[in-house]
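Inspection log for the structure reproduced underneath, given as structure tokens.
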Amino acid sequence: MSNITWRKSATKDVRPFFGAATLESSVELAEIRLYEDGAFMADTAHAVEPSDSQPLDIVIRPNLALPAEMPMAKGDLVLAVTAVQPFMKKTIVVATHKVSGKIPDEIGVGSDIIDKLGGSNVIIEVALCLGKQLAKKPGSPFLLGHWLSKKSFAIKTPKLAEAFPIEPMTDEQWKLIGYPAKTLYTVQYIGGFNDPVGKDSHLATVRIHADVHKKLTLESAQRLAKPMMASLAAEITGHIIAASVSEWEGADEAANGSPLSAFLKRMERIDSKFTFEKFKEFAKEPGMPRLKALLHADQQSVRSIAEG
């Protein structure tokens, strides 16, 4: 696995590299397969349910299509496959292959990589990138990692971590909404824990101090970030469960496709005897100690701290 740091070269779809415009569609035909016996698909958005019986086995077909007349030397380019966790702002380089050599027909994304990124809400990116530093020239890429063509495959489950935006807050912003300047985080529950997940819907708004958020998203601070993010994710989920009691305490079962349904399935992987009734029982305990223990087990908090 490469230790190269790949730079994000654009925040919008508008590309400044008019000198390499003929390469923009080079990975448009890339496909993804989610399961061992599944079909390859060109679709860029995929919703999956966590399941022990059918674990993710992600494979990418780059289907690289280069123009007959290359605007730059093949030796300057690489095909890169990366896995991204937007919640943690973490990127893992899965594979890089020189365009001047043999590009594999299929590139596997290991289950260990998906596990490191939390197992859900992962974006797999296929990109044609600059593989070396070049002299600056108008309209042409020059930095190592500049991408010329990119396709992203979003893989989502109705897991809590992706159901709320993270809003960094400065001292002044905290004070404006009535909190102490050095508040670590707050959770504002909106609703929908036991409703089917809708497009662009959010369960809650989570605010976190800007200084802490910056530290947690630095690549150099991952030894600190990994255990803290795991602990925060467990605690935030606990807040949402406590705030949503009125939505599910009278229900006979969790609604299909809801974050609650996905949560129960995840808990069953830790405790095979975990049921909706047991969930209700645990949620009624003052402080929810047993439920919080399951949440931390799900987020692998102990492992994150021990390995940090």
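No lab work stands behind these numbers, since they all come straight from the coordinates. Predicted model only: the values in this text are computed from it and were never measured. Cβ coordinates were reconstructed from backbone atoms using ideal geometry, including for glycine residues, and neighbour counts include every protein chain displayed.
Summary of values
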item	result
Residues with amide H under 5 Å from that of Ala255, placed H, sequence gap 5 or more	Ser261
Per-residue HN-Hα couplings for the stretch 254-266 [Karplus 6.51, -1.76, 1.60; θ = phi - 60°; Hz; x = Gly/Pro]	6, 5, 4, x, 8, x, 5, 4, 5, 4, 4, 5, 5
Residues with amide H under 5 Å from that of Asp57, placed H, sequence gap 5 or more	Tyr35, Glu36
Interchain or long-range residues, amide H under 5 Å from Leu148's placed H	Leu128, Cys129, Leu130
Residues Lys214, Lys151 arranged by fewest to most Cβ contacts within 10 Å	Lys214, Lys151
Members of Lys102/Lys156; Lys215/Lys284; Lys102/Lys151 lying beyond 27 Å, as alpha-carbon distances in this model show	Lys102/Lys156; Lys215/Lys284
